[in-house]
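The structure appears below as structure tokens.
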Amino acid sequence: MLGTGKDMPQRQHDDALQELFEIVSGLLGSVIGIDEPLMEAGLDSIGAVELRNSVAAKFGVELPATVTFDYPSVAALAQYLAARTAPPQSSWSQPQTLLAVSPMIAGQQQVRLVPLPITAAATFPR
């Protein structure tokens, strides 16, 4: 589900939450509360590994072995995944302008600044 503006992180969190509920309820065989600790709900160490592997495969992210201990509830894990899978946010709120200096011509001591709009960024090979 795509969103724009401020609702993007919330939508990503909600989507991650729904996906996690499906994975967790499949592993545990029952539905648990959003803030209920996974281990108290019956998840054991083998289940924690299965959960990590299932979540990593579903969301396409690499997760640490301790993810279920670091984020012990569905809510905590969903928030972590939403942050990990969110597209990077640009720090530029509006188009930027690059000022280029024109080369000096035949000994002239004049420097002219030329505004150049930036429409894309790229890295160049060395």
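Each reported figure results from applying straightforward, stated rules to the coordinates on display, with no laboratory input. What you see is a predicted model; the values in this text were computed from it and never measured. Backbone-built Cβ (ideal geometry, glycine too); neighbour counts: all protein chains shown.
May I ask for log10 I(q)/I(0) of the range 7-85 at q = 0.19 Å⁻¹, from a Debye sum over the Cα atoms as equal point scatterers with solvent left out? Scattering profile of the range 7-85, log10 relative to I(0): -0.71. Where does the charge balance sit around residue 18 when Lys and Arg score +1, Asp and Glu -1, over other residues with C-beta under 15 Å from its C-beta? Value of the local net charge: -2. Which GluC sites (Glu not before Pro) does the range 12-58 hold that lie in a coil by DSSP with at most 14 other beta carbons within 10 Å? Here the sparse-neighbourhood loop sites are 40. Between residue 84 and residue 11, full extension at 0.36 nm per residue minus the direct alpha carbon distance yields a gain of 24.9 nm.
Could you compute the net charge surrounding residue 65? Neighbours are other residues with a C-beta less than 13 Å from the C-beta of residue 65; K and R count +1, D and E count -1.
Summing Lys/Arg as +1 and Asp/Glu as -1 gives -2.
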